[in-house]
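Asker: Handing you this structure, nothing more for now.
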Amino acid sequence: MSIVTVQLGQCGNQIGFEVFDALFSDSHCPQGLCSKRENEAYQASCKERFFSEEENGVPIARAVLVDMEPKVINQTLSKAAHSGRWKYGQHSCFCQKQGSGNNWAYGYSVHGPRHEESIMNLIQKEVEKCDSLNGFFIIMSMAGGTGSGLGAFVTQNLQDQYSNSLKMNQIIWPYGTGEENDAVHKICAKLMNIKQISFRDINQVLAHQLGSVFQPTYSGEGSFHYRRNPLGDLMENLVPHPEFKMLGVRNIPQMSENSLAYSTFTWAGLLKHLRQMLISNAKMEEGIDWQVRPPLSGLPTLGKMSLNKEFHFNTSIANLVILRGKDVHSAELGAFKDPALYTSWLEPVHAFSVWKTQRAFSKYEKSAALVGNSQFLVKPLDMIVGKAWNMFASKAYIHQYTKFGIEEEDFLDSFALLEQVIASYCNLGF
């Protein structure tokens, strides 16, 4: 089954390119540490998901590129074409000469309705190329005007027009929120040992994380067939209740080529670090707080947090661990099935899943990714809502929204919705 990627705005298009490049590079990597037959099956599964029929021997990304300025899309198309390995379709992009002025309301209320038909037609044409549509992967920023505003409008339209298809949004948080870019910047500096960090370095780390989730894995324990419904399987394993839809990704190991040459890994060591990254809400293995422990039976996690805010245990609803590489079937995952890791209303048997493949990912002989539905976003989300409320209360920039049709009631509805999300995740510990 195929996934159609929708790349929105500067951030969405730049990251989208790196995602496709990482997927293609990995699937054609000669060091997959598996048999030729298995490697060919892996390549075929990746191609079915993310690339359509080849044109002159070059696979075409199943993607639609949207931006209100031509510069980034032209650069993205050119980079893909010049790689000589894969490219975007000739008629898969939509751009204009006027941007969104860094204004969410302009992207949502002006560009959205004005260009709705053209954008949705492009998406429909891409969908029609799929033998079987699995769903949509939407890459967009929370900041700016096109990615955030037009991105919200397009997502809404996809929900209306493709109500039976799955949608997953990759949301890029702005700098200074303690999320995404900030964390990835630290990974580039401390783990990848990059001295002068560029946006491309950051985007490549994000692409690696996403690739480690979306590349093929076996459909079940003991099976050597690759799963055909990746988005559906992700939702089934990680979203047991419609009120909890925020997922985060953690990877281990992450390091430079030079360091990798002198490193060896065991599954026990990797999984011990990954589990502690989960419960202490760490984004990388360096600097993990080993003091954080699951709460004692009967003690609510938030009660514990109020006693000592530094030792905030990250309660989960559901976790998926994805293992790739050598001796993968020998990995012991019992520590992730501890009931103390999860909310009391879900048994670990329903809250924890594992996907595996012997085929190594990227340059790593052994690697693990954890996709979690947990309290990891409560703190940054609460901080953003608090700042936004203070600005709203003082009427800061409100005119930039109301002049494009966004009413004050729309703000109040949004605040109420986000506060309910925060409250729901906070209550997981009780």
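The values are calculated or read from the model by the stated rules, or taken from the named source; none is laboratory data. No experiment lies behind these values; they were computed from the predicted model shown. Neighbour counts are summed over all protein chains in view; Cβ atoms, including those assigned to glycine, are modelled from backbone coordinates with ideal geometry. Ligands, DNA and RNA are stripped out before the accessible areas are found, and what is left, the full protein with its side chains, is counted by its heavy atoms. Shrake-Rupley method; radii C 1.70, N 1.55, O 1.52, S 1.80 Å.
A quick yes/no check of all residues on (1) at pLDDT 90 or above; (2) open to solvent by less than 50 Å² (accessible area, probe 1.4 Å):
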residue	(1), (2)
Tyr106	yes, yes
His115	yes, yes
Phe136	yes, yes
Thr155	yes, yes
Gln161	yes, no
Leu166	yes, no
Asn169	yes, no
Ile172	no, yes
Thr177	no, yes
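Asker: Ok, one more. Kindly check whether there is at least one residue in the stretch 192-208 that is within 19 Å of the chain's Cα centre (by Cα), surrounded by 16 or more Cβ atoms within 10 Å (Cβ to Cβ), of a type in the set (D, E, K, R) and at pLDDT 90 or above.
Answerer: Scanning the stretch 192-208, I find at least one residue that is within 19 Å of the chain's Cα centre (by Cα), surrounded by 16 or more Cβ atoms within 10 Å (Cβ to Cβ), of a type in the set (D, E, K, R) and at pLDDT 90 or above, so the answer is yes.
Asker: Quickly run through the stretch 64-107 and pick out the residues that are assigned to a helix (DSSP H, G or I), in contact with a Phe, Trp or Tyr (Cβ under 6 Å, 6 or more places away or on another chain) and of a type in the set (S, T, N, Q).
Answerer: The answer is Thr76, and nothing else.
Asker: Output the residues belonging to the stretch 336-353 that are open to solvent by less than 50 Å² (accessible area, probe 1.4 Å) and of a type in the set (A, V, I, L, M).
Answerer: Across the stretch 336-353, the qualifying residues are Ala340, Leu341, Leu346, Ala351.
Asker: How many residues, within the stretch 378-430, are closer than 24 Å to Lys245 by Cα and part of a loop (DSSP other than H, G, I, E, B)? Spell out the reasoning first.
Answerer: Within the stretch 378-430, the subset closer than 24 Å to Lys245 by Cα is 378-389, 410-430.
Then drop every residue that is not part of a loop (DSSP other than H, G, I, E, B), which leaves 430.
Result for the stretch 378-430: 1.
Asker: Considering only residues that are basic (Lys, Arg) and open to solvent by 60 Å² or more (accessible area, probe 1.4 Å), look in the stretch 80-104 and name the one that is farthest from Gly149 (Cα to Cα). Steps first, please.
Answerer: If we filter the stretch 80-104 for residues that are basic (Lys, Arg), which is where we start, we get 85, 87, 97.
Adding the requirement that they be open to solvent by 60 Å² or more (accessible area, probe 1.4 Å) leaves 85, 97.
Working: Arg85: 33, Lys97: 17 Å.
Once the filter is applied, the top-ranked residue is Arg85.
Asker: Name the single residue, out of those in the stretch 365-387 being open to solvent by 40 Å² or more (accessible area, probe 1.4 Å) and without any contact (Cβ under 8 Å) to a residue 60 or more places away in the chain, that is nearest to Val328 (Cα to Cα). Can you show your working first?
Answerer: In the first step, residues of the stretch 365-387 are kept if they are open to solvent by 40 Å² or more (accessible area, probe 1.4 Å); the result is 365, 379, 382-384, 387.
Now narrow it down to the ones that are without any contact (Cβ under 8 Å) to a residue 60 or more places away in the chain: 382, 387.
Working: Asp382: 38, Lys387: 45 Å.
Looking at the filtered set, the residue picked out is Asp382.
Asker: Just give me the residues in the stretch 15-44 being surrounded by fewer than 22 Cβ atoms within 10 Å (Cβ to Cβ), part of a helix (DSSP H, G or I) and polar (S, T, N, Q), in sequence order.
Answerer: Result: Ser25, Asn39, Gln43.
Asker: Right, next: With the structure loaded, tell me whether Ser344 is modelled with pLDDT under 90 and either over 20 Å from Lys283 (Cβ atoms) or under 20 Å from the mean Cα position of the chain (by Cα) (or both) or whether it fails that test. Break it down into steps so the answer makes sense when it comes.
Answerer: Numbers: modelled with pLDDT under 90: yes; either over 20 Å from Lys283 (Cβ atoms) or under 20 Å from the mean Cα position of the chain (by Cα) (or both): yes.
Yes.
Asker: A further question follows. List pairs: first in the stretch 243-267 and farther than 19 Å from Gln209 by Cα, second of a type in the set (Val, Ile, Thr), Cβ under 7 Å, 6+ apart or cross-chain?
Answerer: Note: pairs meeting the criteria are Phe244/Ile317.
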